[in-house]
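Structure first, then comments.
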Amino acid sequence: MKQILKNKYVVCAVGGLIAGFLNGLFGSGGGTVIVPFLERFLHLEKKKAHATAILIILAFTLVSLYFYSRGGHLQYGLAAQVSVGGVAGGYIGAKLLKKLPTGVIRKIFGACMLVAAFRMVVFS
């Protein structure tokens, strides 16, 4: 039993390391990496994986925020303005997560990942 638990900690640490690295490097990657990781390797149900990812991303964000602010890379006024819509969108998204079927969530998430991939390949 301890060996299984120990392996789970290693799996969690490796997944977190990869997602955190991408989040720090690109300013994103938390959700696109951590959600599939939670589902595939830790066997979380889709809705729980999305919800849990938000808390995990908060930790990544706080660390990245610290280093970005030390480097003078933040636009505080712009961030405050965008955050107004982000808070409203987060509220709506959290409410919808509870109501939408898992298949619909999977399709929306997949579509968002495809759009992000397309933009990165075409516009880089």
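The values are calculated or read from the model by the stated rules, or taken from the named source; none is laboratory data. Everything numeric in this text was worked out from a predicted model, so none of it was measured. Reconstructed Cβ throughout: ideal geometry from the backbone, glycine too, with neighbour counts over all protein chains shown. To get the accessible areas, we keep the full protein, side chains included, count just its heavy atoms, and leave off ligands, DNA and RNA. Shrake-Rupley method; radii C 1.70, N 1.55, O 1.52, S 1.80 Å.
Below are the figures for this structure:
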item: Residue in the stretch 45-58 that is open to solvent by less than 40 Å² (accessible area, probe 1.4 Å) and at pLDDT 90 or above present; result: yes
item: Search result, residues across the stretch 92-112 that are open to solvent by 70 Å² or more (accessible area, probe 1.4 Å), farther than 13 Å from A51 by Cβ and either touching a residue at least 40 places away in the same chain (Cβ under 8 Å) or under 16 Å from the mean Cα position of the chain (by Cα) (or both); result: R106, I108, C112
item: Test: residue in the stretch 66-81 that is modelled with pLDDT under 95, touching a helix residue (DSSP H, G or I) at 6+ places or on another chain (Cβ under 8 Å) and exposed (fewer than 11 other Cβ atoms within 10 Å of the Cβ); result: yes
item: Scope the stretch 23-41; condition farther than 18 Å from K107 by Cα, within 10 Å of the chain's Cα centre (by Cα) and open to solvent by less than 40 Å² (accessible area, probe 1.4 Å); matching residues; result: N23, G29, G30
